[in-house]
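The values are calculated or read from the model by the stated rules, or taken from the named source; none is laboratory data. None of these values were measured; they are calculated from a predicted model. We place every Cβ from the backbone using ideal geometry, glycine too, and count neighbours over all the protein chains shown. Protein only, heavy atoms only, side chains kept; ligands, DNA and RNA dropped before computing areas. Shrake-Rupley method; radii C 1.70, N 1.55, O 1.52, S 1.80 Å.
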Amino acid sequence: MTGLDGTHAAASVVALHCSLGSGRQWTKLAAALGGDRFMAPDISGYGVAACGRDWPRTLDGEIARLEPWLAKADGPIHLIGHSYGGTIAFRLATASPYAQHVRSLTLIEPVLPALLRDGSSRKSVLFEHDLVGKPLHTFPDHAVRDTPADARLYDRFARIAQIVSRDIVDGAVMEAVEAFTAFWAGSGPREQFSPSGRLRMIEQADKLPCDFAAALDLDGVTEAARGLKVPTLLMSGGLSPYVTQRIVAKLAALIDGAELRHLPGAGHMLPVTHADRVNPEILRHIWRAEDLTNLELANLEPAKLELAADAGPAEAAQPAGSARRHLVFRRPSFWE
């Protein structure tokens, strides 16, 4: 990514992966962006951050562990999160020192169970679209309010968290991984993992109770979502567990101006299994956010020029325009 002045752009893209995953999940997205300001750090307990057992049990603790990476993003941030990574991204964008730097937010089935029990959404109608923009169906007002079904979804999520955590404490790690992957398979086919992939999940499964605890501990999600003012893209899969589909639908009703993309034939791992459809949507969203920012800056120019004209010679000689550098992404060939 380069700025219009030929220097490195000020904005960075930060992508956070799911539980039992790693930053390698975003390899195709990194290639599509084609820039050097892309960061996909390993969340604590996974990938190169798997060492040790002193793991955070809160989202603020997770963010603190990511600070060495976030400090490298010394300008605006385009933030992307999937599943547990989406939970952390939501917290980053709503209640962290980095919130003011978030220029766009993409959440792919974030795990925010408190949204199923801590308030009612008030938007009258929610339109759900597929990736080419055609309406699929309309949700009536009652569909985005808390319901007894929401409470049952919350209880089911809390129950699987308890089962997985208890199995890990009891040393039944393979059983914990089996229960975890079966839950996230939703109504889709069970994913077939390679022996090395399953071994990696077993080795890193000890972190799962911490992830569940952090997600279940977050309150005030409804009000935080209502307060989001950055361009937000929400994505879900039709074969995913209904709990995350419902969370995404409720977020879409709460976040002003949020865009919703739903892939009926995709499961919870859609950023990996359907990267060819998900990544272009993420790139479009980032480019639109950049266009909005540039438009806002352009609207400031007449006032700045008037100030320069009224200023003395020394002040008028200063360069016009915003000091913030604009971001230009190199579009991959299939978009040209």
Name the residues in segment 209-233 that are open to solvent by less than 30 Å² (accessible area, probe 1.4 Å), in contact with a helix residue (DSSP H, G or I) (Cβ under 6 Å, 6 or more places away or on another chain) and not in a helix (DSSP H, G or I), would you?
218, 233
Determine whether segment 244-255 contains at least one residue that is closer than 20 Å to residue 189 by Cβ and either surrounded by fewer than 21 Cβ atoms within 10 Å (Cβ to Cβ) or modelled with pLDDT under 95 (or both).
yes
Filtered residues of segment 25-68 (kept if crowded, with 19+ Cβ neighbours inside 10 Å, among the hydroxyl-bearing types (Ser, Thr, Tyr) and over 15 Å from residue 213 (Cα atoms)):
46
Unique match (being among the small types (Gly, Ala, Ser) and modelled with pLDDT under 50) among 165, 121
121
